[in-house]
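*Asks:* Sharing a structure below in structure tokens format, with a few things to ask.
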Amino acid sequence: MTEVSSPPELQIGPVRVRDATRPAPRQLVRFAFFRVDPAWRRLEPELRRAHREEYASRLAEHNQRILLRSYSLVGTRGDCDFMLWAVSEEVERLQALFQDLNRTSLAGYLSCTHSYTAMTKRSSYVDSEHPQAGGTTDRLILAPGKLRYLFVYPFVKTRAWWSLPDEERQRMMQEHIRIGHLFPSVKINTTYSFGLDDQEFVVAFETDSAADFLDCVQALRDSEASSYTLRDVPSFTCVRASFDEALTALG
């Protein structure tokens, strides 16, 4: 992927504010969760196979133009069967993906039970990623790895949080970050939804250990910043799967 330069910024207290007169090389992100209608499983096996192959073919085609990852939720969640994590700097490419998927035969048996739209953005509280994250230092470009699990949830902070002085939020977030660093096997991808969707943030944690993630989240509950979380549900346990694997798990 082509390396991009960061746009000019203004400094207001501890918070960096982008110069809005210059375009920022950010990425649009969509987490789309789907559930298959049980009626699909009663179709003839050959027809179901054809539906899966058509759908997988569309995914593979668009995977040449955007960053696209698939995950299975069969066995981890009752209201959705698979998730598509789609990332692009151009909204038209995201729209083209889901328009093409809507035209497939399988789409007639799918419902999108949850959907979250967000965007990459520089963090106001840290200057670089975790050392283990392996991403860019400006957080404008996502670099998903090949770890087994992806834990996704949207969240919203309280109004009281945003009314705090910048220095107070910075202090509490430093504690929050310090606790997160105690779990180097867990990589965080934070995206922002202000004005784009119903939540303020969508976070996606990558790890090979579900136990490490559970312990990390439990430890973070003790941080002062967590007391300013208004909502952080639903949460999703996603297992990395190829396009074919995610679709075969449907039945």
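*Asks:* Do you know which residues across the stretch 184-207 are over 15 Å from the mean Cα position of the chain (by Cα), under 25 Å from Thr117 (Cα atoms) and touching a residue at least 24 places away in the same chain (Cβ under 8 Å)?
*Replies:* Once the filter is applied, which keeps residues that are over 15 Å from the mean Cα position of the chain (by Cα), under 25 Å from Thr117 (Cα atoms) and touching a residue at least 24 places away in the same chain (Cβ under 8 Å), the stretch 184-207 yields nothing.
*Asks:* For the stretch 145-251, which strands (runs of 3 or more DSSP E) that fit wholly inside it have 3 or more residues that are more than 19 Å from Ala32 (Cβ to Cβ) and modelled with pLDDT of 95 or more?
*Replies:* Working: elements: 149-157, 187-192, 201-207, 229-231, 236-240.
Per the criteria, 229-231.
*Asks:* Moving to a separate point now. Please find, within the stretch 191-220, the residue that is farthest from Val87 (Cα to Cα) out of those that are surrounded by fewer than 18 Cβ atoms within 10 Å (Cβ to Cβ) and polar (S, T, N, Q).
*Replies:* Looking at the filtered set, the residue picked out is Gln218.
*Asks:* Take the residues of the stretch 80-123 that are among the β-branched types (Val, Ile, Thr) and not in a loop (DSSP other than H, G, I, E, B): which is surrounded by the fewest Cβ atoms within 10 Å (Cβ to Cβ)?
*Replies:* Kept after step one, since they are among the β-branched types (Val, Ile, Thr), are these residues of the stretch 80-123: 87, 91, 104, 113, 117, 120.
Those left that are additionally not in a loop (DSSP other than H, G, I, E, B): 87, 91, 113, 117.
Working: Val87: 24, Val91: 11, Thr113: 17, Thr117: 19.
Taking the candidates together, the pick is Val91.
*Asks:* Cβ-Cβ below 8 Å, separation at least six or inter-chain, first residue in the stretch 155-170 and closer than 18 Å to Arg221 by Cα, second among the basic types (Lys, Arg) and buried (at least 16 other Cβ atoms within 10 Å of the Cβ): which pairs?
*Replies:* Trp161/Arg169
The values are calculated or read from the model by the stated rules, or taken from the named source; none is laboratory data. All values derive from a computational prediction rather than experimental measurement. No Cβ is skipped: glycine too gets one built from the backbone with ideal geometry, and neighbour counts run over all protein chains shown.
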